[in-house]
Amino acid sequence: MSILSTTRLTKQYGSESNIVKALDNVTLSIEQGEFVAVIGTSGSGKSTLLNMLGGLDRPTSGSIKVDKFELGKLSDEDLTVFRRQRIGFIFQNYNLVPILNVYENIVMPIQLDGKKPDETFIMEIVSLLGLEKKLDNMPNHLSGGQQQRVAIARALASKPAIILADEPTGNLDSKTSDEVIQLLKLTGSQYRQTIVMITHNPEIARQADRIIRIEDGKITE
Ligand code: ADP
Ligand code: ADP
């Protein structure tokens, strides 16, 4: 069953004399539970695609369907709720809050949403990700790999159906990158999540179920 799909998705930046077509008529479909890698050179439109799928930005034309939601039909408020409840984001720079400890970082999005964290579930993912002894640490006392594991835990904490990861291993050495990808695959299968991951690294991409290549805003493979 398709959980994520786009139809003739187009995104332009700029205006008149200086138009950049970041995405050009992209039609794709991703199955529930699939782990998809998106590759392509810098500036090819990968981040733009991920931002559209996650409802962080709106297309110039075309449509995006996530689960049963047609994103173009949601108001800004509904789009925010959609994002909080269905999507877990993971970024290259981890984006942890420096003044909060690991535990507080992990539960922060749930608290922002006015909900109580499911402590049993939080401790399950903390343990899967090997972070039990780090809960009281501040992010700047952790290695890059540990920080990314915290970011993964934070993305998983709200039990989203979809994980969108933008170069999650971009700042990690190859051994740590492998560990992070193995953990993403493990949690993905454990919680039957759909994962869309941008990467520059062909070895990382090879670990996915499917590779989508983008060039100049078009899917070429
Ligand atoms: P990638 O993630 O593959 O490096 P992006 O999706 O970031 O590519 O960018 C695709 C194209 O859109 C690039 O030419 C980039 O310069 C342009 N672009 C991206 N974001 C913006 C923006 N906010 N304003 C103007 N141009 C942008
Ligand atoms: P407070 O006393 O402010 O309510 P908490 O009990 O939420 O603080 O957290 C105290 C510390 O214990 C936190 O810094 C966190 O790292 C850790 N912690 C919180 N909840 C758990 C938990 N369920 N399991 C393990 N460690 C936890």
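The values are calculated or read from the model by the stated rules, or taken from the named source; none is laboratory data. Note that the structure is a prediction, hence the values are computed from the model and not measured. Neighbour counts are summed over all protein chains in view; Cβ atoms, including those assigned to glycine, are modelled from backbone coordinates with ideal geometry. Ligands, DNA and RNA are stripped out before the accessible areas are found, and what is left, the full protein with its side chains, is counted by its heavy atoms. Shrake-Rupley method; radii C 1.70, N 1.55, O 1.52, S 1.80 Å.
Here the Karplus relation 6.51 cos²θ - 1.76 cosθ + 1.60, evaluated at θ = phi - 60°, turns the backbone of the stretch 145-159 into coupling constants of x, 5, 4, 5, 5, 5, 5, 5, 4, 4, 5, 7, 4, 8, 6 Hz, with x for every Gly and Pro. Distance between the 7 Å Cα→Cβ label points at Leu100 and Arg8: 4.2 nm. Counting protein heavy atoms only, the stretch 2-219 has 48 percent of its accessible area on carbon and sulfur, 1.4 angstrom probe. Summarising the label geometry, the points placed 7 Å from Cα in the beta-carbon direction at Ser127 and Ser189 lie 2.0 nm from one another.
Specify the inter-centroid distance of the stretch 144-183 and the stretch 56-118, based on alpha-carbon positions, in whole Å. Spelled out, the Cα-based centre of one part sits 16 Å from the other.
Summarising the amide proton neighbourhood of Ile3: residues at separation of 5 or more, or on other chains, whose placed amide H is nearer than 5 Å comprise Ile30, Glu31, Gln32. Put simply, the amide H of Met197, placed in the peptide plane, has neighbours under 5 Å in Val36, Ala37, Val38, Ala165, leaving out anything fewer than 5 places away on its chain.
Distances between placed amide hydrogens fall under 5 Å for Gln92 paired with Asp166, all partners being 5 or more residues away or on another chain.
Assuming 0.36 nm per residue, please report the length gained on full extension of the stretch Glu31 to Glu16 beyond their Cα-Cα distance. Don't skip to the end; give the middle numbers.
Details: separation 15, 0.36 × 15 = 5.40 nm, distance 3.71 nm.
Between Glu31 and Glu16, full extension yields an extra 1.7 nm.
Average accessible surface for the stretch 40-107: 48 Å² per residue, computed with a 1.4 Å probe over protein heavy atoms with every protein chain in place.
Each helix, a run of at least 4 DSSP H residues, gives -39500 (n - 2.57); summed and divided by the residues of the chain, these come to -10000 deg cm²/dmol at 222 nm.
Can you tell me the equivalent ellipsoid semi-axes for the stretch 2-219? Use √(5λ) from the Cα gyration tensor, largest first, whole Å. Can you show the working numbers first?
On the way: eigenvalues 166, 77, 52 Å².
Over the Cα atoms of the stretch 2-219, the ellipsoid semi-axes are 29, 20, 16 Å.
Taking the stretch 29-53 and a reference point 7 angstrom along Cα→Cβ of Arg213, the backbone N atoms nearer than 11 Å belong to 39-41.
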